[in-house]
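The values are calculated or read from the model by the stated rules, or taken from the named source; none is laboratory data. Note that this is a predicted model, so its numbers are computed, not measured. A quick note on method: Cβ atoms are made from the backbone with ideal geometry, for glycine too, and the neighbour counts reach across all protein chains shown.
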């Protein structure tokens with residue numbers, strides 16, 4: 001395309017988007033960094049400059065470390081389940097052996113994705129309820145009642161109960177992305193492998209995995225970024241508790257800002273969240289080639 | 001949900017049918033592992049489906065039965081739970097969610113397609129800079145913007161109004177929307193617009209009469225993704241709206257839960273009502289959703 005002078009109307013077309021992004025995306029980003037160096041409360045008219053104090057507090061805060069470890073647990077378990085298990089699930093669903101039942105199963109696995117996270121989280125307060133919860137009732141039904149525990153009220157199990165719910169909700173989403181990727185693999189590759197007498201497991205490792213490598217990588221990034229940001233699930237299910245056992249960086253940020261009114265410290269936590277997630281988002285933009293012309 | 005290669009499947013079926021007997025033992029083990037895997041798939045389907053099924057069934061029970069008869073069907077079907085939920089506040093949350101979602105969709109599609117139009121048709125260093133500026137927007141996340149947005153909306157006197165949600169939702173959906181629509185616009189043949197220019201069509205005419213009508217599929221994709229985001233968004237909805245009459249469904253449900261205490265049947269009815277519109281929308285437009293998910297690869 002040859003560079004030419006851009007007429008007035010197209011320039012005007014671009015303006016609303018640039019305004020929206022400037023005011024509601026880029027300005028808050030800068031403002032958040034600025035806020036990290038101040039101490040203030042929601043309705044205080046002035047902000048008190050404190051320099052790097054909030055960041056120093058951040059490094060020494062044991063709760064931040066606990067929250068970060070929970071984010072890491074979230075990321076590791078989610079990658080194992082949502083990427084590796086989802087890939088195996090997608091491969092099985094695309095296997096000709098299951099062609100009759102696969103369409104129905106795909107719809108079922110995808111169902112939780114369609115439902116709002118607040119509804120899902122409220123539903124799981126019933127699943128994990130210590131008195132009448134589905135999980136404990138089920139354990140009782142199959143004779144494992146000694147495993148039953150107040151899943152969300154127990155400091156050891158709370159974070160895993162929250163993570164388990166996320167897996168339950170999101171696995172269908174990642175499986176769908178893999179199914180789309182597997183369907184794009186040229187059929188000839190599998191036919192050639194059939195002629196060579198390759199079994200299903202060899203075909204999975206030698207054809208499917210190399211062919212969906214890029215999707216796998218993008219899915220790992222989506223999952224890890226999601227785990228760094230995770231807020232709704234722990235906030236609704238446990239509020240981060242008991243104690244700080246199931247808190248995450250985002251929940252802490254919210255609690256510090258809107259619970260304890262330490263807006264400056266909350267901004268410093270937000271800056272940390274931004275740095276962590278931006279690294280992965282940048283890699284994702286590069287890998288998926290977003291915005292390329294072809 | 002996704003089309004499979006039917007022809008290949010039929011060929012495969014013929015091949016399995018004519019396998020020689022020598023392979024009978026192999027077939028037996030293969031069959032055994034097939035049924036083991038099938039069992040696993042069905043068990044997993046049950047784990048996914050049962051809690052949703054339980055939600056619908058229990059929404060028709062009384063508190064006593066939810067508590068004491070976890071697995072059974074209701075002895076009396078309390079359909080009035082739905083009427084109670086609706087009149088106790090869900091109707092207002094529902095209405096607010098509809099307004100916020102529709103306004104967000106309208107603005108995102110309009111503003112996003114306008115920007116995509118310019119970005120796909122012109123090339124200069126300014127356009128390139130604008131494109132990078134817009135793509136960079138996907139790196140931002142609501143958590144980081146939360147406190148500054150709260151300040152901005154307070155300055156603009158928009159806290160506790162629907163605009164607080166609509167404007168921020170639009171901003172956060174624009175980058176992905178523009179990327180998707182621009183990619184589609186780039187595939188529209190240039191001959192179309194050249195002949196339109198010869199016919200005396202203005203820039204605006206090319207946008208409104210050629211580009212938009214040709215882009216219905218990608219616009220529907222945007223509509224589904226945006227609807228899904230706006231209907232389910234929780235963080236902004238909780239922080240920016242305090243007034244009970246303006247709350248949307250995700251934040252309203254939390255209030256609803258606190259207000260009801262033990263009236264679980266009504267709470268579950270409210271949860272089912274909250275889920276219905278998206279389930280219907282996604283079932284109707286699933287084709288466009290799958291496309292958006294795989295092209296955008298960005299979780300709602």
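Determine which member of the set A:139, A:89, A:144, A:134 is within 26 Å of the chain's Cα centre (by Cα) and more than 7 Å from every other protein chain (Cβ to nearest Cβ).
Result: A:89 is the single residue among A:139, A:89, A:144, A:134 that is within 26 Å of the chain's Cα centre (by Cα) and more than 7 Å from every other protein chain (Cβ to nearest Cβ).
Kindly indicate which of B:206, B:219 is away from every other protein chain (no Cβ under 11 Å) and in a helix (DSSP H, G or I).
B:219
Could you figure out which of (1) touching a residue at least 40 places away in the same chain (Cβ under 8 Å); (2) crowded, with 21+ Cβ neighbours inside 10 Å; (3) at the interface with chain A (Cβ under 7 Å from one of its Cβ atoms) isn't true of residue B:166?
(3)
For the stretch B:263-276, give me each residue that is more than 8 Å from chain A (Cβ to nearest Cβ) and free of Cβ contacts under 8 Å to residues at least 60 places away in the same chain.
Scanning the stretch B:263-276 gives a single hit, B:276.
Does residue A:106 satisfy the condition of being outside any helix (DSSP H, G or I) and either without any contact (Cβ under 8 Å) to a residue 60 or more places away in the chain or within 22 Å of residue A:165 (Cα to Cα) (or both)?
No; evaluated as a whole, the condition is false for this residue.
Yes or no, residue by residue, for (1) outside any loop (DSSP other than H, G, I, E, B); (2) surrounded by 10 or more Cβ atoms within 10 Å (Cβ to Cβ); (3) at pLDDT below 85; (4) in contact with a helix residue (DSSP H, G or I) (Cβ under 9 Å, 6 or more places away or on another chain):
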residue: B:14; (1), (2), (3), (4): yes, no, yes, no
residue: B:33; (1), (2), (3), (4): yes, yes, yes, no
residue: B:75; (1), (2), (3), (4): no, yes, yes, yes
residue: B:78; (1), (2), (3), (4): no, yes, yes, yes
residue: B:83; (1), (2), (3), (4): yes, yes, no, yes
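For the stretch A:224-244, how many residues meet the condition of being assigned to a loop (DSSP other than H, G, I, E, B) and on the phi < 0 side of the Ramachandran plot?
6
Taking the stretch B:51-66 as the search range and keeping residues that are facing chain A (nearest Cβ under 8 Å) and in contact (Cβ under 8 Å) with a residue 24 or more places away in the chain, which one is surrounded by the fewest Cβ atoms within 10 Å (Cβ to Cβ)?
By that ranking, first place goes to B:55.
Does the stretch B:227-238 contain any residue that is assigned to a loop (DSSP other than H, G, I, E, B) and either without any contact (Cβ under 8 Å) to a residue 40 or more places away in the chain or touching a strand residue (DSSP E or B) at 6+ places or on another chain (Cβ under 9 Å) (or both)?
Among the residues of the stretch B:227-238, at least one is assigned to a loop (DSSP other than H, G, I, E, B) and either without any contact (Cβ under 8 Å) to a residue 40 or more places away in the chain or touching a strand residue (DSSP E or B) at 6+ places or on another chain (Cβ under 9 Å) (or both), which makes the answer yes.
For the stretch A:178-189, which positions are in a helix (DSSP H, G or I) and touching a helix residue (DSSP H, G or I) at 6+ places or on another chain (Cβ under 6 Å)?
Those that are in a helix (DSSP H, G or I) and touching a helix residue (DSSP H, G or I) at 6+ places or on another chain (Cβ under 6 Å): A:178, A:179, A:180, A:181, A:182, A:189.
Counting only residues that are in a helix (DSSP H, G or I) and away from chain B (no Cβ under 11 Å), how many does the stretch A:202-223 have?
13
How many residues are part of a loop (DSSP other than H, G, I, E, B) and touching a helix residue (DSSP H, G or I) at 6+ places or on another chain (Cβ under 8 Å) when one looks only at the stretch A:245-273?
5
Cβ-Cβ below 7 Å, separation at least six or inter-chain, first residue in the stretch A:79-103 and without any contact (Cβ under 8 Å) to a residue 12 or more places away in the chain, second not in a helix (DSSP H, G or I): which pairs?
If the second residue must be not in a helix (DSSP H, G or I), the pairs left are A:99/B:4; A:103/B:1.
Restricting attention to the stretch B:122-143, report how many residues are in a helix (DSSP H, G or I), touching a helix residue (DSSP H, G or I) at 6+ places or on another chain (Cβ under 7 Å) and over 18 Å from residue A:222 (Cβ atoms).
Residues flagged as in a helix (DSSP H, G or I), touching a helix residue (DSSP H, G or I) at 6+ places or on another chain (Cβ under 7 Å) and over 18 Å from residue A:222 (Cβ atoms) within the stretch B:122-143 amount to 5.
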